[in-house]
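Asker: After the structure tokens below, expect a handful of questions from me.
The values are calculated or read from the model by the stated rules, or taken from the named source; none is laboratory data. Quick caveat, the model's predicted, so the values are computed rather than measured. Cβ coordinates were reconstructed from backbone atoms using ideal geometry, including for glycine residues, and neighbour counts include every protein chain displayed.
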Amino acid sequence: MTNHWIDIRNADVILIMGSNAAENHPISFKYVLEAQEKGAKLLSVDPRFTRTSSKADLYAPLRSGTDIAFLGGMINYIIENNLYHSEYMQLHTNATFLINPDFKMPGELDGLFSGYDADKRKYDKSTWSFQRDANGIPLTDQSMQDPNCVLQLLKKHFSRYSVEVVSDITGTPQEKLTEVYKIYGSTGVAGRAATIMYAMGWTQHTVGTQNIRTMAIIQLLLGNIGIAGGGVNALRGESNVQGSTDHCLLFHILPGYLPTPKADWDSLAKYIEKSTPKTTDPDSANWWSNRSKYITSLLRAHFDTALTAEDDFGYSLLPKLDTGQNASWLMLFDRMIKGDIKGFFAWGQNPACSGSNANKVRKALTQLDWMVTVNLFDNETASFWKGPDMNPAEIDTEVFFLPVAASFEKEGSITNSGRWAQWRYQAVAPLGNSRHDSVVMNELYYRVAQLYKSEGGAFPEAITKLSWNYGFKGIDGKIDHIDIHAVAKEINGYFLEDKEIKGKLYKKGELVPSFAFLQDDGSTSSGNWLYCNSYNENGNMMARRSQKDPTGVGLYPEWSWCWPVNRRILYNRASVDANGVPWNKERPVIWWAGGSWKGDVPDGGWKPLSQAGTKKSFIMLPDGVAAIFSAGMNEGPFPEHYEPLECPIEKNPMSGTKNNPIIKLFFTDGGLEVDAFYSYDQRYPYVATTYRVTEHWQTGVMTRNTPWLLEMQPSMFVELSPELAKDKGITNGDMCVVSSGRGKVEAVAIVTKRFRPFKVQGTIIHQVGLPWCYGWTTPNVGDSANLLTPTIGDGNTMIPETKAFQVNIEKRG
Amino acid sequence: MKLSRRNFLKFSGSAVGVSVLGIGITPAQADAKPLAIQYAKETTTICPYCAVGCGLIVHTRAGDIINAEGDPDHPINRGTLCSKGNSAYQLRHNEKRVTEPMYRAKGSSEWKKVSWDWSLDQIAKKVKATRDATFMTNNAKGERVNRTDAIASVGSAALDNEECYLFQKLLRSWGLVYIEHQARI
Amino acid sequence: MERKAFMIDTSRCIACRGCQVACKQWNKLSAESAVNSGSYENPPQLTSHLYNKIEFVETDENGEFKWLFLNKRCLHCSEAGCMKVCPSVGALYRTHDGLVGFNKEKCIGCNYCVNGCPFDIPRYDAQNKISKCHGCFDRVENGLQPACVKACPTGTLMFGDRNELITKAKGTGKEIYGETALNGLGVMYLLDNKPQDYNLAVNPTIPTSIFLWKDVIKPLGILGFWGSVGVAMLHYVTVGPKQLEEDVEEKGGNHE
């Protein structure tokens, strides 16, 4: 979230689309209802009528996978009706920038942007560029009238998304579209705010990143980024998925979103040179120009501090990806099923149910030599070898199950969706003989390190030079008890030598106050620069519990701690005009008074934009302004509607380019039969989507094993409209079989008017929905909806498309 | 930080004094049932489910949990909780919790209980054996990569920050690049 | 201090069922095995282990589809049929706060309260003892909100001084269900739709035969008329000539 949970109460319009907050983030509705009480309008856009929709002022249905069309229509409506916030756009976005005249758009190129290479399924982005002056500064037209400026190109591109065209794609009645557009578009004035609450309903598509881009563009047009009650708010699903992302348990990034080293970045200097964004604009802060300090401090936290600058502080000890190597989820299991992965850890995760195309995942596990599963409960991954259609005698995988502590049986911090790192205390000892996860990690560290010390082996230095100083070491060098505070302090970072900064001397061993003090000469450490300031000489900031709310907008600045540097609303310098005056004086986030900023921690402390010597407001981007036009996306600088890989219609109504042209196609790239997909195929005529329910969580490993919760949602179901039920001779409560090109599941039919048929391209399209919280290890509950979902990922992130695919449904014989 | 009982009561609800009841309502019996959480230890924690990050108070007595409910001081949830948050107690009082390490051998059709020491030693040996057998010092182009593509890891958004940090540090020291978790799916 | 009550504003309910679980957690009520028979609503009705539950109702009037949620529980009537009919002194009683409490030790398992209740609330547990919402009187007497009310994230469930709740509710302009019915219910609703849409009786009443028992026969019993004649008569006036056990089963009264 750019903003945070309590801030939802500051909105005048709330769009819940691509999420189902009432069911999956129920406490958020405390603030949704508070906003509604003050007159805010709640818009619910969803393929089905949900518990969220039940509280909405307006509900609009849409066919799964057509969000860009829906939102593209909104962009068109906003521009056509002059509802955008010109002053905001001129100050804080690249709407005024002039684009390369050779740049072409899908209206001209049948659904493609200029530069597409059909063989490589990749774009040459050279025309997706700004016109720049001799100094490299982008040329602009402040009036935003130049036909080559971003706003005019945006207008031209989305003029193709008329209400009539959109309705014919999404199946949303035209009057509902207009009503949503009108209400949302009403916030493009100073003093009004609209927020978007989205989740996996947007990310789990082949166009997932562009779904969010479309909304970000809308928020920038309306001036809704940086302000209270605004923002682009991803409602994250797991208690610490924000923290686990920040600490980068992901192939492509190191803690603090630093890129994983590449094979051709053969030295620290090369890493810094290649990965540091550059700008020639003196008005752009380009905060990532500090990357050298963050990577160097990370290396100082990871490795033996006896390593010196001559050793690149241990840079060579980090593993490096080949150029172009994608080691993301779908690729991981693709390699596993082909036998290329021998050993596997599933630590607090259940991919046999959560992975798209779960049958493929389950088969892949049979190819492993060994697997370590770490969990509270047995689950479908740990026990895959005795699952449906498995013959244990033929499966050679050795499996270890390590039982670990529940959340309240250990101490540490977790980061919520609003980026608040909150400290948890241990209430009781781990149950039975289960152990803390950190204890297990410490044991594995020590035992592997001992083997390398005693026996040698491949590149032992990476292991023996790792720093691991989290408590008192016994005579054998082993830490008996991991001090979690020592880990938290290492993440924050220390001064490794006496250092004078801005006239103040910081002593060796002191905790670094915040990331502005980190150095690239090896004198500081910080395991994750983004968390530098979370645990400093003032104490454990994450454990704070003050009720103070000095601004009155609900920032609670001394409750826990928020990254970065306790800034509660990101991009908050866009919440003010050029003079530092808040767009909304009733709900100010920051304001310039008496030569300094008041309110939230400002996004960089520079003066208001009208004053000399300041820096632009979007400090993380090299151009210093928010990107309405972004060459960073793989499939185009503006979003374009493409159909899901599996869809119910023959052609993309927008163009001759049916699917996102740059997605990696597993099946046609010489993939396996298990990856087959079936689009516009009468065997699988119905659109399907997956979701969660309030009463269960993720694959249900914890909640299926919580009797109070299982009682409320006891087994697998499929929801469908009375019309489809009638067509198929299904009555409410019937046991049905839902099948796709990858698998099938049995499910109890819930026949409900909450599902409606869609009229798309003159035909009736039916959609069904299934939860993915069940699995066979729990008796009589059914199995995962991910047995149906396809092997296909988003064009930028490779997040699987589990929210739109094709199925058939029949009553069980 | 622990809450004082006084605060807990103050934020939990309005104080109730001696009742004088309305027409037709006569109390027939004094109901002086002591509060189950009286004198219990209170520990603050954060809900393990979604990322709203609601505060919970866990009441413990004699080393076990007797009650878990919303933290009334928490500015987000103000003592409230959804069905999942309210069920945290059953994550502890739960016969399905696995409390001993288990092992499944090649071709076996059952789990068997094993010791921590044995399990950890076995895993350490397997990590080393697989790593040593598959370690790539250089790639096909001759560039230094120092990695293994034959060990992978998924998880976890259910870990604490400190554990996430430790886990990625450990995995990367072994040379893994196939490191993924819930954020990707 | 005046009578306490619940006010339930259905327009705010998101059916997260925090109330349902908070009750079970505080009162340590075990879960039951349930089956999905085509609905989110589970268990399908109140049981001896389920003191409050959310009912899910779909309505579609004039093309306007609604999904309504109602927290169902003992309504803690002022004119409480269950108390009137209960032959065992102290098994059902009025708490200091004006709620209807129960004492399992004094319950004789006669099941008559099941028939005395116009809302089909009382249930019997495996030991054949009364079970229902008791308003968490243990919490209330110690200055806490009932577990369900404290848990409710949206303010659907409110608990407090009955008159104050009514005054506040009147400010919303909505009709209050239960303000006067049966001399005033201890659980009142602000409804989005008609009571019938929530399966709530429009004019809840206690069967007249209950008054006969309460005002004529029960006093005789206390005077020593306690015997086979009295019990037979009680049975007749409360449940009629039907077999009691069948009747209880029909109402799902005992799910053990």
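Asker: Can you say whether A:P707 is under 30 Å from C:S30 (Cα atoms), over 28 Å from the mean Cα position of the chain (by Cα) and crowded, with 24+ Cβ neighbours inside 10 Å, as far as the supplied structure shows?
Answerer: no
Asker: Looking only at the range A:436-460, count how many residues are more than 7 Å from chain B (Cβ to nearest Cβ) and buried (at least 24 other Cβ atoms within 10 Å of the Cβ).
Answerer: Qualifying residue count, the range A:436-460: 1.
Asker: Quick check on the range C:137-148. Is at least one of its residues in contact (Cβ under 8 Å) with a residue 40 or more places away in the chain, outside any helix (DSSP H, G or I) and under 28 Å from B:D71 (Cα atoms)?
Answerer: Among the residues of the range C:137-148, at least one is in contact (Cβ under 8 Å) with a residue 40 or more places away in the chain, outside any helix (DSSP H, G or I) and under 28 Å from B:D71 (Cα atoms), which makes the answer yes.
Asker: I'd like the full set of residues that are in contact (Cβ under 8 Å) with a residue 24 or more places away in the chain and within 29 Å of A:K651 (Cβ to Cβ), limited to the range A:100-116.
Answerer: Answer for the range A:100-116, where residues must be in contact (Cβ under 8 Å) with a residue 24 or more places away in the chain and within 29 Å of A:K651 (Cβ to Cβ): A:D102, A:F103, A:M105, A:P106, A:G107, A:D110, A:G111, A:L112, A:F113, A:Y116.
Asker: I need a count of the residues in the range B:78-134 that are surrounded by fewer than 18 Cβ atoms within 10 Å (Cβ to Cβ), of a type in the set (G, A, S) and assigned to a loop (DSSP other than H, G, I, E, B).
Answerer: The total comes to 5.
Asker: Only one of these is closer than 30 Å to A:L91 by Cα and modelled with pLDDT of 95 or more: A:V687, A:V625. Name it.
Answerer: Checking each option against the conditions leaves just A:V625.
Asker: Would you say B:T45 is under 14 Å from the mean Cα position of the chain (by Cα) and either within 25 Å of A:L235 (Cα to Cα) or not in a strand (DSSP E or B) (or both)?
Answerer: Taking the combined requirement at face value, the residue satisfies it.
Asker: With respect to A:T172, determine if the residue is more than 14 Å from chain B (Cβ to nearest Cβ), surrounded by 24 or more Cβ atoms within 10 Å (Cβ to Cβ) and either part of a loop (DSSP other than H, G, I, E, B) or not hydrophobic (A, V, I, L, M, F, W, C) (or both).
Answerer: Criteria met by A:T172.
Asker: Does at least one position in the range A:282-292 carry a residue that is modelled with pLDDT of 95 or more, under 19 Å from A:L530 (Cβ atoms), assigned to a helix (DSSP H, G or I) and touching an Asp or Glu at 6+ places or on another chain (Cβ under 7 Å)?
Answerer: Looking for residues that are modelled with pLDDT of 95 or more, under 19 Å from A:L530 (Cβ atoms), assigned to a helix (DSSP H, G or I) and touching an Asp or Glu at 6+ places or on another chain (Cβ under 7 Å), one finds at least one in the range A:282-292, hence yes.
Asker: From the set of residues in the range A:293-312 that are farther than 21 Å from A:S514 by Cβ and assigned to a helix (DSSP H, G or I), which is farthest from the chain's Cα centre (by Cα)?
Answerer: Filtering the range A:293-312 for residues that are farther than 21 Å from A:S514 by Cβ and assigned to a helix (DSSP H, G or I), the one farthest from the chain's Cα centre (by Cα) comes out as A:E310.
Asker: Taking the options B:K113, B:K106, name whichever one is assigned by TED's automatic domain parsing to the domain that holds B:L170 and in contact (Cβ under 8 Å) with a residue 12 or more places away in the chain.
Answerer: B:K113
Asker: Let me ask you something else. Among the listed residues A:E801, A:E746, identify the single one that is acidic (D, E), farther than 28 Å from B:H181 by Cβ and in contact with a strand residue (DSSP E or B) (Cβ under 8 Å, 6 or more places away or on another chain). Walk me through how you get there before you give the answer.
Answerer: Details: A:E801 fails: farther than 28 Å from B:H181 by Cβ.
The unique qualifying residue is A:E746.
Asker: While we're on this one: So which of A:N82, A:N10, A:N24 ends up being out of contact with any Lys or Arg (no Cβ under 6 Å at 6 or more places or on another chain), modelled with pLDDT of 95 or more and among the polar types (S, T, N, Q)?
Answerer: Being out of contact with any Lys or Arg (no Cβ under 6 Å at 6 or more places or on another chain), modelled with pLDDT of 95 or more and among the polar types (S, T, N, Q) holds for just one of A:N82, A:N10, A:N24, which is A:N82.
Asker: Let me ask you something else. Going by the structure shown, is C:C107 more than 30 Å from B:N94 (Cα to Cα), assigned to a loop (DSSP other than H, G, I, E, B) and either within 9 Å of chain A (Cβ to nearest Cβ) or modelled with pLDDT of 95 or more (or both)?
Answerer: So C:C107 passes the test.
Asker: Would you please name the residue that is nearest to the other protein chains (Cβ to nearest Cβ), looking only at residues in the range A:490-508 that are of a type in the set (D, E) and without any contact (Cβ under 8 Å) to a residue 12 or more places away in the chain?
Answerer: A:D498
Asker: Looking at the structure I just gave you, is A:H485 modelled with pLDDT under 95 and closer than 30 Å to A:Q422 by Cα?
Answerer: Numbers: modelled with pLDDT under 95: no; closer than 30 Å to A:Q422 by Cα: yes.
When the stated conditions are applied, A:H485 does not pass them.
Asker: Taking C:P43 as meeting all but one of (1) touching a strand residue (DSSP E or B) at 6+ places or on another chain (Cβ under 7 Å); (2) within 14 Å of chain A (Cβ to nearest Cβ); (3) assigned to a helix (DSSP H, G or I); (4) crowded, with 20+ Cβ neighbours inside 10 Å, write down the number of the exception.
Answerer: (3)
Asker: Can you confirm whether the range A:502-514 contains a residue that is under 17 Å from A:H302 (Cβ atoms), in the same structural domain as A:I295 (by TED's automatic domain parsing), within 30 Å of the chain's Cα centre (by Cα) and of a type in the set (G, A, S)?
Answerer: Keep residues of the range A:502-514 that are under 17 Å from A:H302 (Cβ atoms), which gives A:512.
Checking the rest, the ones that are also in the same structural domain as A:I295 (by TED's automatic domain parsing) come to A:512.
In the following step, the residues that additionally are within 30 Å of the chain's Cα centre (by Cα) were identified as A:512.
Filter once more, keeping what is of a type in the set (G, A, S): none.
For the range A:502-514, residues under 17 Å from A:H302 (Cβ atoms), in the same structural domain as A:I295 (by TED's automatic domain parsing), within 30 Å of the chain's Cα centre (by Cα) and of a type in the set (G, A, S): absent.
Asker: Another question about this same structure. Can you tell me which condition A:T731 does not meet? The list is (1) surrounded by fewer than 21 Cβ atoms within 10 Å (Cβ to Cβ); (2) of a type outside the set (A, V, I, L, M); (3) more than 10 Å from chain C (Cβ to nearest Cβ), and all the others hold.
Answerer: Condition not satisfied by A:T731: (3).
Asker: State yes or no: is A:D46 farther than 26 Å from A:R587 by Cβ, surrounded by fewer than 21 Cβ atoms within 10 Å (Cβ to Cβ) and out of contact with any Phe, Trp or Tyr (no Cβ under 7 Å at 6 or more places or on another chain)? Working first, answer last.
Answerer: Working: farther than 26 Å from A:R587 by Cβ: yes; surrounded by fewer than 21 Cβ atoms within 10 Å (Cβ to Cβ): no; out of contact with any Phe, Trp or Tyr (no Cβ under 7 Å at 6 or more places or on another chain): yes.
For A:D46, the condition - farther than 26 Å from A:R587 by Cβ, surrounded by fewer than 21 Cβ atoms within 10 Å (Cβ to Cβ) and out of contact with any Phe, Trp or Tyr (no Cβ under 7 Å at 6 or more places or on another chain) - is not met.
Asker: So, of the residues in the range A:537-580 that are hydroxyl-bearing (S, T, Y) and in contact with a Phe, Trp or Tyr (Cβ under 9 Å, 6 or more places away or on another chain), which turns out to be surrounded by the fewest Cβ atoms within 10 Å (Cβ to Cβ)?
Answerer: Only one residue fits best here, namely A:S546.
Asker: If you take the residues of the range C:35-69 that are within 18 Å of the chain's Cα centre (by Cα) and among the aliphatic types (A, V, I, L, M), which of them is nearest to C:F119 (Cα to Cα)?
Answerer: Result: C:L46.
Asker: Now, a different point. Hey, B:T99 hits all of (1) among the hydroxyl-bearing types (S, T, Y); (2) within 7 Å of another protein chain (Cβ to nearest Cβ); (3) in contact (Cβ under 8 Å) with a residue 24 or more places away in the chain but one; which does it fall short on?
Answerer: (3)
Asker: Shifting gears a bit: Filter the range C:128-164 down to residues that are surrounded by fewer than 23 Cβ atoms within 10 Å (Cβ to Cβ) and among the hydrophobic types (A, V, I, L, M, F, W, C) and give me whichever is nearest to B:N77 (Cα to Cα).
Answerer: C:M158
Asker: So which residues in the range A:72-107 are in a strand (DSSP E or B) and within 13 Å of A:Q152 (Cα to Cα), if there are any at all?
Answerer: Matches in the range A:72-107: A:F97, A:L98, A:I99.
Asker: Conditions: (1) of a type in the set (D, E); (2) part of a loop (DSSP other than H, G, I, E, B); (3) touching a residue at least 60 places away in the same chain (Cβ under 8 Å). A:D119 meets all but one. Number of the miss?
Answerer: Single failed check for A:D119: (3).
Asker: Please work out if A:V674 is over 30 Å from A:M74 (Cα atoms), crowded, with 18+ Cβ neighbours inside 10 Å and of a type outside the set (K, R).
Answerer: Yes.
Asker: Assuming A:G256 fulfils every condition listed in (1) outside any loop (DSSP other than H, G, I, E, B); (2) of a type outside the set (S, T, N, Q); (3) closer than 14 Å to A:C532 by Cβ apart from one, which condition is it?
Answerer: (1)
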